[in-house]
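The structure appears below as structure tokens.
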Amino acid sequence: MDADEPELRRWRLMSELGARLTEQANDHVAFARVAAETIGRELRDGAAVVLLGLGPEPIMQVWHPDPARVRLVQDLLDSMKEHADRWVGEFSGRDERVVRRPPTAEQREYLRALRRYVTDYLDDGVVAPLRESSARARGLIIVARDHGSPPLDAVDMRALESAADTLSLVLELGLARAGQAAANRRWETAFESAAIGRAILAAGGTVQRVNSAACAILGRSAAELDGMGWQDLVDEQTLLAFGDLRDLLDEARARSSAGTIACVRRPDGTIRWTFVTVTLVRTADGARDVWDLQFADVTEQHEAEARAEMFQSLAESSPDFIGIADVNGGVRFVNAAGRALVGMPADRDLSTTTMHDFYLADARPIDRPVEDWSQVREGLWEGLSVLRDWRGGEPIPVSVRTFTVRDRRSAHRPVAIATVQRDIRRNLAAQREIEQLAEQRRLLLAELLTAEQDERERIAQDVHDDAIQLLAAAQLRLQLLAAGLEPRGPQRTAADAVADLLASAQASLRQLLRDLEPTHQQGRLIEQALADAAEAFFAGTSTEVTVTGSLTDVPPEVVSVFYRAGREAVSNARRHAGASRVDIALAEDVELWRLRVSDNGVGIAEDLPVRAGHRGLRGMRSRVEAVGGTCRIARGSAGGTEVFLEIPRPAGRPD
């Protein structure tokens, strides 16, 4: 044997191990099998075992020239699996590169058993740990020689040391590759299965790769997105805010990452709002940078925030009190106008207040109080109430519209109570002023009607005392003169005719006196007075007149208006309608007195009530409007004419 042969064998071993194992570095089972075979063949006359503690199950491989012995030794190693991790771990931190005698009795017992499988005579065997750069053991090389073979010498030991170094180096390389491959697989899985959009951009901002979520958000396929730039992906308003991505990338380069809201416009014209995070990813050699973009679709959140902001602006801009409470009445929001109305400090914490805190406990609302807010949860409450003045002032009357706010996704579940309230102090003051003016008008009307009646009585008195008396005296003198005339002569006939005219004039004046006399002073009800007037007008005709209904508690001025308006309507029916039937109907409720006069005559012309020259109709309207009522004159639905009057009662509301 050449003197250099042991060293050549050692280098050959290392070379063969390096060549064969580099290809198997990622496959630990094949790695162990190749290592055991190469070492066993090179050292000859014995068995080589590689035991690796890598992963959930230890990997144990044995090689021997005799296959039968391989099976025996493999069975022995399989029985050691439960101790393998502990066996390997006990060599961590030790300095020996090759250990002739294992450190523990248990290990030595296994080594003796191994030797018994190999040879019954030679008490020889060594262990070479496979170490990482951190000195932690990851596996073992166990070698034992057959009977008759010389013990492992110094050259064999150095060869084992070199083999262990080579195996350790290749093993660490394989672990690094496996780790990198696993990391790559995890990254690929995370990239492709991410619920948010992911995109890899080149340093210049063009798309290199996207996942399916990004395609869904952007509305384009991966093929369409390949090579597109940032300016092609986002909406114009985003470009105006962030340019061509330079600002965002510069920020990410300075901080390693940056984020912003971007508006993405899809090819179909729809837009999606996204929160984009940009992370700078550097290559190991630093030669080039890529950008990892993460798109989170925040369209619904953005729109909800926009709606909330719009509502906030609307509520704060409103001059009315706007408030929101939870379903239990706890106040969550009151706008600026509402706070100002009740004098609530701007910094008052609303979370400590309830809806009841805004109403006086002993205050009587104008209409009715909100006694139980649970009724509002069922839908809508409207009415009038009074708010408490937090400054200690007078209660504030308001009109209230309070309603339930329901979950947008489930219309059946109430989530809040909203209220809109308007200060009606000016309205009430105006209403009181109107009522005062109405009362003044009523009093003036009463005085006017009284003055009118006084004037009518004066006229009646003058007619009675002067005109009628003079006519009576004239008639008496005429009768005396006629008595001296020839009974059948022309003078007597003329005198009798003049006497008849004087009698007729007296009768007309007496009827005028009755008309001038107030109805209430005649002791007649309004329905009886109208019936008498109708009977007088239609006396001697075939026209049928009916009077139905009655009125109660009618003041004299209203009786006068109803009587004169009704009398005018009946008179018109007699003179103009040619009716065969006239119906007079009286009715009342808690708010109004009503009179309707209808006939079945020829009907009134459409423009007659407004045409000049109809003094009676204008007077009728004026009298009714003077007491705050309304007068409608029109053709009836079945023909003829209908006059309809409504006059409000002084107590226009129920108690």
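Computed quantities for the displayed model
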item	result
Residue match in the stretch 93-102 (condition: at pLDDT below 75, surrounded by 14 or more Cβ atoms within 10 Å (Cβ to Cβ), out of contact with any His (no Cβ under 7 Å at 6 or more places or on another chain) and farther than 21 Å from Gly174 by Cβ)	yes
Leading residue by the ranking (modelled with the lowest pLDDT) among those in the stretch 182-201 that are surrounded by 15 or more Cβ atoms within 10 Å (Cβ to Cβ) and not charged (D, E, K, R)	Leu201
Residue count, the stretch 405-428 (criterion: modelled with pLDDT under 85 and more than 14 Å from Gly323 (Cβ to Cβ))	10
In the stretch 325-352, the residues that are more than 24 Å from the chain's Cα centre (by Cα), outside any helix (DSSP H, G or I) and crowded, with 17+ Cβ neighbours inside 10 Å	Met344
Every residue from the stretch 103-137 that is modelled with pLDDT of 70 or more and either aliphatic (A, V, I, L, M) or outside the structural domain of Leu167 (by TED's automatic domain parsing) (or both)	Ala105, Val126, Val127, Ala128, Leu130, Ala135, Ala137
Residue satisfying condition, being closer than 28 Å to Ser560 by Cβ and modelled with pLDDT of 75 or more, within set Leu437, Leu449	Leu437
So Phe295, is it in contact with a helix residue (DSSP H, G or I) (Cβ under 6 Å, 6 or more places away or on another chain) and more than 16 Å from Gln421 (Cβ to Cβ)	yes
Test result for Val207, outside any helix (DSSP H, G or I), of a type outside the set (D, E, K, R), buried (at least 21 other Cβ atoms within 10 Å of the Cβ) and at pLDDT 75 or above	yes
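The values are calculated or read from the model by the stated rules, or taken from the named source; none is laboratory data. These numbers were taken from a predicted model, which means no experiment stands behind them. Every residue, glycine among them, receives a Cβ derived from its backbone with ideal geometry; neighbour counts consider all protein chains shown.
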